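Beneath this line is the structure, given in structure tokens, with notes to follow.
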Amino acid sequence: MEKIDKKQIFILKKNLLNNYKIIREKSGNSKIMSVIKGDAYGHGIQECMEILKKSGCRHFYVARLEDAINLRKKNKDNTNLYLLSGATSNETCKLLKKYKITPIINNLSQLEIITKYSDSIKIILHFDTGMNRLGFKFSEIDFIRQMISLDNIKFLMTHLSSADEKNINECRSQLGEIKKINNFFNKPLSIANSSGIFLGKAFHLNYVRPGKSLYGINPFLKKSFGLKGVMSIYAPILQIAYLQKGQTIGYSKTYKTKKNMRVATIDYGYSDGYLRSGSNRAKVYIDEKPCNVVGRVSMDLITIDVSHIDQNNLYLGKPVEILGNNQSCEDLALETGTNEHEILISLGKNSKKVYI
């Protein structure tokens, strides 16, 4: 890639397949339920689903009903779709039944809605074992058993709150809690998110739910297990300028040159999902060499220090790596003070992607 005239976002299919293979090997006999919410973490929900289906995946989690419906319209085969947000109205129930979408039911109100609508819709029960976000409480088990036939429950799930931090005691506590709950249901179980999968076999149970690891986000900080980033992004240089010592760069003059510098302005900014918190903190790469962001990240432009780059290799249209082999989403997340999920979803949102 010698020259580009606009930003380029590449989704590397082989890396997604590599990550799925590693997860499959790690998960043993557990079924994999790929999480493709958030537009597949910014990678393109329909396209990623098709790639994963070719590897044999038949179970997919989404967060929004409209995503599930759109996927079902294009996938009328034996693909299983699961809706994390559950059922909130009769209209939702009608659509769930019409498009053969399995809801995750999170509380008694949702359970009442779905049982009053139909006694034949299969569901998943989500129990809260420590996340305190969504899910039934242990104390509600008797009400659940009175409201629904056990035959309509496909399996039980819960969500680990501290697996990313490898808080093994908390994870074991949640595992013990969901097993205790299951004494009343005797159903298959699911607890492991991406990090839970890599905690060990004890957490795999019947179903695992990889999300971030599919897209190359490390299950634990700086431990990749061979996972590879799936998204690469490049932006072109629009201008190269020479600044004297003592000059300032960007809005509010947040950067003042300490020496004579050469800076480049690239065609990228927070309208492209690049976080403004990267101002004066983050870096990009040119010819595998890091270049610091200097000055404020603005809506469509970022200025970078290219003083150390061979000027014969600097020209308008020169590709600058925002994300890729040299700059992982983990690195960029650390530089901008967020997590890798937000990086990928922000950078991939509303952007045309090339699948290679």
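We did not get these values from a lab; they are worked out from the coordinates using the rules stated. Not measured: the values here are computed from a predicted model. Neighbour counts run over all protein chains shown; Cβ positions are idealised from the backbone, glycine included.
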Percent of Cα-Cα pairs per 10 Å bin, from 0 to the last occupied bin, for segment 53-179, please list those. 12, 40, 33, 14, 1
Provide the FRET efficiency to the nearest 0.05 for the LYS6-GLU91 pair, computing r from the beta carbons and using R0 = 45 Å. 0.65
How many nm separate the modelled label positions at SER271 and ILE168, each set 7 Å beyond the Cα in the direction of the Cβ? 5.1 nm
Leaving out same-chain residues fewer than 8 places away, which aspartates and glutamates sit with a Cα under 19 Å from that of LYS201? GLU25, ASP164, GLU165, GLU170, GLU177
So which GluC sites (Glu not before Pro) in segment 1-76 pass both tests, a DSSP loop state and at most 14 other Cβ atoms within 10 Å of the Cβ? GLU2
Most fluctuating of ILE69, ILE191, ILE105 in the GNM of the chain (C-alpha, under 10 Å) is ILE69
Specify which labelled value, from (1) 1.14; (2) 0.99; (3) 1.66, agrees with Cα Rg over 2.2 N^0.38 Å derived from the coordinates of the model shown. (1)
For segment 152-206, which trypsin sites (Lys or Arg not before Pro) are in a loop by DSSP, counting at most 16 other Cβ atoms within 10 Å? LYS166
Using alpha carbon centers only, segment 165-183 is separated from segment 1-40 by a whole-angstrom value of 29 Å
Mind running the shape call on segment 10-73? Use the C-alpha gyration tensor, a ≥ b ≥ c as the square roots of the eigenvalues: rounded below 1.5 for a/c, prolate if a/b tops b/c, oblate otherwise. oblate
7 Å from Cα along Cα→Cβ at both SER351 and TYR315: what's the point-to-point distance in nm? 2.5 nm
For the chain, modelled as a GNM with alpha-carbon contacts under 10 angstrom, which of ASN325, ASN106, ASN260 fluctuates the most? ASN260
Report relative contact order for segment 262-315 in percent, whole number only (criteria: Cα-Cα under 8 Å, sequence separation at least 6). 41 percent
Helix-derived mean residue ellipticity, 222 nm - over the chain, DSSP H n ≥ 4, -39500 (n - 2.57), to 500: -8500 deg cm²/dmol
At 0.36 nm per residue, and after removing the present C-alpha to C-alpha distance, how many nm does the segment from SER139 to LEU221 gain when stretched out fully? 25.9 nm
Only Cα pairs under 8 Å and at least 6 apart count here; give the relative contact order of segment 203-294 as a rounded whole percent. 17 percent
